[in-house]
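First comes the structure, then the notes that go with it.
The values are calculated or read from the model by the stated rules, or taken from the named source; none is laboratory data. Keep in mind it's a predicted model, so treat the numbers as computed, not measured. So basically every Cβ, Gly included, is an ideal-geometry build from the backbone, and we count neighbours across all protein chains shown.
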There are 2 protein chains.
Amino acid sequence: MSIERRAWEVVLQNIELDLLSGRLRPGDHLPPERALAAELGVGRSSVREAIRVLEVLGLLRTSAGSGPTAGAIIVALPGGGMSALMRLQVAAQGFPVSDVVKTRLVLEASVVTELAEASAQASSTMDANASLHPDLTTPELLLCAMESPALTEGEFLALDAAFHLALATASGNQVVTATMAGLRSAIEGYVRAGATSLTSWPDTSARLRTEHRAILGAIEAGDPPAARSLVQSHIAGYYAETHLANHLPDLFANDHTDANGHPVAR
Amino acid sequence: MSIERRAWEVVLQNIELDLLSGRLRPGDHLPPERALAAELGVGRSSVREAIRVLEVLGLLRTSAGSGPTAGAIIVALPGGGMSALMRLQVAAQGFPVSDVVKTRLVLEASVVTELAEASAQASSTMDANASLHPDLTTPELLLCAMESPALTEGEFLALDAAFHLALATASGNQVVTATMAGLRSAIEGYVRAGATSLTSWPDTSARLRTEHRAILGAIEAGDPPAARSLVQSHIAGYYAETHLANHLPDLFANDHTDANGHPVAR
DNA sequence: TGTAGCGTGTGGTCAGACCACACCGCCCGA
DNA sequence: TCGGGCGGTGTGGTCTGACCACACGCTACA
């Protein structure tokens, strides 16, 4: 079955096998395109197509020139690829925006629940090993930064995104972190557009600030149900308040298909 | 900022904008590569690199020849791209296997909870509209197929994957469905390798069958907590029983970093 | 009227060329 | 002897042109 593949697929598979076998590890250089092409018996353009795919997927970084920093280097940065994938799938209507928001809700709830549980466990065992305590320094700093009244809507939303992402990072699950980053970037445009349709941005931003504090408080207090509930109403509340709600009448309903049983196009 | 981009990025951005603006919709044909290259003032190879990325991301399908079925067609199949991304990120050690399993646990729990809630709601309202009831026909059929004692391990695991995916599909969330498909394919190799290290495959497969029936039963009975609990122990149990457990000592712990705070290479 | 065969347009691939860039080392001047 | 400037060299980035395989659709022939 491995015959009859397109040339660039051969290259991609070859690199994947090298990764799986450990012949290639993060930080390593890929062979030069010309060498790879000769080695695999394909044209250089086919090699480039495979490399381009890996680059977009966040697996490697390319740069021209010479020396140790040049060439194609394995990096395995999951966020970039996830963002591109989610963004394009939403653009091509493969992912309904409502599903993106729902999924974000699920993951975010899981993150804060886990963080609160870890926090409670660390407190109850009274252990001196501080490493059991999740590191919430970054989220706290971001909350402080969001207090500034001089922030524009865009700056505030960027900090908001960073806050939620920092919580995911603190939970330590790289898959969840990358997925949440992708989900966020996929609906970035909708979030920003929704902000402009608010009746009062100062009111909303003040509420968001309060809710952020409450979420972080529940985590630090080791109260998983509260943290979960707070984060769910926080996210759902924002989407309900913004114009985005017009596109998401069914965020908490179950009929997300039309009369024919097909997903409703939004 | 749009200047100074690489040629293939210009092409990619152009197509993304066409998707966002609705100029391109699922089912549409992309212009021929040569025409697109001329229109955007880039070489054909650059166009091909962008198209290749979109193809791997599951956004379009290409085929040679002439006629309405040929060319590059927007399809927006989310599963393929997600699988490639997850698989490669795991291969390149960007995603620890333990995080993949944990994320699968979160999503799967959310799926069955939602299904059970929908089932309960549909029953309690006694509504004649059967569409409120999630369609569990496919999972049921898969369970029947798994009863066959003649199945090999590989066939059984394939049906198992299809069963879990069918549950996600029944929940109607395309993002979750695609993500779960990606997560599963990312650890496919580990799952299969783990199966060979079992003390007794007949015993394990019998247990899996029973657990599947119990999960589906809890969903149909409209018992969300039971469904959630059953699916979590189902997944965690399998990974604990297989050799995979050696690689996942911390599936439910929080220390997935080494002494230096870096992710543990697995 | 039916069908076999060719024209045409498409993606798939390759080879070769050129450019920009970044390092590396030689060479020349102080 | 030491220092800096400058070209060589290897890399990715891009373009061009060519050829192939394929599938459709039309035409010409039986």
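All but one of (1) modelled with pLDDT of 95 or more; (2) surrounded by 17 or more Cβ atoms within 10 Å (Cβ to Cβ) hold for A:Arg61, so report the exception by its number.
(2)
Hey, could you check segment A:163-203 for residues that are among the hydroxyl-bearing types (Ser, Thr, Tyr) and closer than 20 Å to B:Leu85 by Cβ and say which is surrounded by the most Cβ atoms within 10 Å (Cβ to Cβ)?
Looking at the filtered set, the residue picked out is A:Thr179.
Please state which one of B:Leu216, B:Leu142 is under 20 Å from the mean Cα position of the chain (by Cα) and closer than 18 Å to B:Gly79 by Cβ. Give the derivation first.
Details: B:Leu216 fails: closer than 18 Å to B:Gly79 by Cβ.
Only one candidate qualifies: B:Leu142.
Check A:Thr169, A:Thr137 and return the single one that is out of contact with any helix residue (DSSP H, G or I) (no Cβ under 6 Å at 6 or more places or on another chain) and free of Cβ contacts under 8 Å to residues at least 40 places away in the same chain.
Checking each option against the conditions leaves just A:Thr137.
Would it be correct to say that A:Gly189 is at pLDDT below 95, within 28 Å of B:Leu57 (Cβ to Cβ) and within 11 Å of chain B (Cβ to nearest Cβ)?
Yes.
Residue-by-condition table, conditions (1) of a type in the set (Gly, Ala, Ser); (2) at pLDDT 90 or above; (3) assigned by TED's automatic domain parsing to the domain that holds B:Tyr239:
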position	(1), (2), (3)
B:Asp99	no, yes, yes
B:Ser123	yes, no, yes
B:Leu142	no, yes, yes
B:Ala145	yes, yes, yes
B:Ser171	yes, yes, yes
B:Thr179	no, yes, yes
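Given (1) aliphatic (A, V, I, L, M); (2) modelled with pLDDT of 95 or more; (3) not in a helix (DSSP H, G or I), where does A:Leu216 come up short, assuming only one miss?
Just one mismatch for A:Leu216, condition (3).
Quickly run through segment A:46-102 and pick out the residues that are assigned to a loop (DSSP other than H, G, I, E, B), over 21 Å from the mean Cα position of the chain (by Cα) and on the phi < 0 side of the Ramachandran plot.
A:Ala64, A:Ser66, A:Pro68, A:Thr69, A:Ala70
Give the residue that is surrounded by the most Cβ atoms within 10 Å (Cβ to Cβ), with candidates limited to residues of segment A:1-24 that are part of a loop (DSSP other than H, G, I, E, B) and either aliphatic (A, V, I, L, M) or within 11 Å of DNA strand C (Cβ to nearest atom) (or both).
A:Leu24
Would you point out which residue out of A:Arg61, A:Arg52, A:Arg5, A:Arg23 is closer than 30 Å to A:Ala161 by Cβ and either among the small types (Gly, Ala, Ser) or without any contact (Cβ under 8 Å) to a residue 12 or more places away in the chain (or both)?
Among A:Arg61, A:Arg52, A:Arg5, A:Arg23, only A:Arg52 is closer than 30 Å to A:Ala161 by Cβ and either among the small types (Gly, Ala, Ser) or without any contact (Cβ under 8 Å) to a residue 12 or more places away in the chain (or both).
Select from segment A:1-45 the residues that are under 29 Å from the mean Cα position of the chain (by Cα) and farther than 18 Å from B:Arg87 by Cα and write down the one among them that is nearest to DNA strand D (Cβ to nearest atom).
If we take residues in segment A:1-45 being under 29 Å from the mean Cα position of the chain (by Cα) and farther than 18 Å from B:Arg87 by Cα, then A:Leu30 is nearest to DNA strand D (Cβ to nearest atom).
Does segment B:50-59 hold any residues that are at the interface with chain A (Cβ under 8 Å from one of its Cβ atoms) and near DNA strand C (Cβ under 9 Å from one of its atoms), and which are they?
B:Arg52
Collect the residues in segment B:147-181 that are of a type in the set (A, V, I, L, M, F, W, C) and away from every other protein chain (no Cβ under 14 Å), keeping them in residue-number order.
The answer is B:Ala150, B:Leu151, B:Phe156, B:Leu157, B:Ala158, B:Leu159, B:Ala161, B:Ala162, B:Phe163, B:Leu165, B:Ala166, B:Leu167.
Considering only residues that are at the interface with chain A (Cβ under 8 Å from one of its Cβ atoms) and within 16 Å of DNA strand C (Cβ to nearest atom), look in segment B:25-49 and name the one that is nearest to B:Gly67 (Cα to Cα). If you could, list the steps in order and put the result at the bottom.
Step one: list which residues in segment B:25-49 are at the interface with chain A (Cβ under 8 Å from one of its Cβ atoms), which gives B:25-26, B:45, B:48-49.
With the extra rule that they be within 16 Å of DNA strand C (Cβ to nearest atom), the set shrinks to B:45, B:48-49.
On the way: B:Ser45: 23, B:Arg48: 20, B:Glu49: 23 Å.
Only one residue fits best here, namely B:Arg48.
Give segment B:60-89 a look and list any residue that's over 21 Å from B:Glu16 (Cα atoms) and within 9 Å of chain A (Cβ to nearest Cβ), or say none.
Within segment B:60-89, B:Met86, B:Arg87, B:Leu88, B:Gln89 meet the criteria.
For B:Thr113, indicate whether it is in a helix (DSSP H, G or I) and either under 22 Å from the mean Cα position of the chain (by Cα) or at the interface with chain A (Cβ under 10 Å from one of its Cβ atoms) (or both).
Values: in a helix (DSSP H, G or I): yes; either under 22 Å from the mean Cα position of the chain (by Cα) or at the interface with chain A (Cβ under 10 Å from one of its Cβ atoms) (or both): yes.
Considered against the rule, which asks whether it is in a helix (DSSP H, G or I) and either under 22 Å from the mean Cα position of the chain (by Cα) or at the interface with chain A (Cβ under 10 Å from one of its Cβ atoms) (or both), B:Thr113 comes out as yes.
Please count how many residues of segment A:1-13 are away from every other protein chain (no Cβ under 12 Å) and either touching a helix residue (DSSP H, G or I) at 6+ places or on another chain (Cβ under 7 Å) or modelled with pLDDT of 95 or more (or both).
1
Can you go through B:Leu36, B:Leu30 and tell me which one is farther than 18 Å from B:Val75 by Cα and out of contact with any Ser or Thr (no Cβ under 8 Å at 6 or more places or on another chain)?
From the options B:Leu36, B:Leu30, the qualifying one is B:Leu36.
Would you be able to say whether some residue in segment A:72-92 is within 16 Å of DNA strand C (Cβ to nearest atom) and within 26 Å of A:Arg25 (Cβ to Cβ)?
Yes: one or more hits.
Filtering segment B:89-105 down to residues that are among the hydrophobic types (A, V, I, L, M, F, W, C) and free of Cβ contacts under 8 Å to residues at least 12 places away in the same chain, which residue is farthest from B:Phe163 (Cα to Cα)?
B:Ala92
Any residue in segment B:126-135 that is under 30 Å from A:Ser171 (Cα atoms) and of a type outside the set (A, V, I, L, M)?
Filtering segment B:126-135 down to residues under 30 Å from A:Ser171 (Cα atoms) leaves none.
The answer is no; no qualifying residue exists.
For every residue, the table says whether it meets (1) modelled with pLDDT under 90; (2) under 26 Å from A:Ser83 (Cβ atoms).
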residue	(1), (2)
A:Ser205	no, yes
A:Glu220	no, no
A:Asp223	no, no
A:Ala226	no, no
A:Leu230	no, no
A:His243	yes, yes
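Please enumerate the residues belonging to segment B:55-86 that are in contact with a Ser or Thr (Cβ under 9 Å, 6 or more places away or on another chain) and away from DNA strand D (no atom under 12 Å from the Cβ).
If the condition is that a residue be in contact with a Ser or Thr (Cβ under 9 Å, 6 or more places away or on another chain) and away from DNA strand D (no atom under 12 Å from the Cβ), then B:Glu55, B:Gly58, B:Ala72, B:Ile73, B:Pro78, B:Gly79, B:Met82, B:Ser83, B:Ala84, B:Met86 are the ones that fit.
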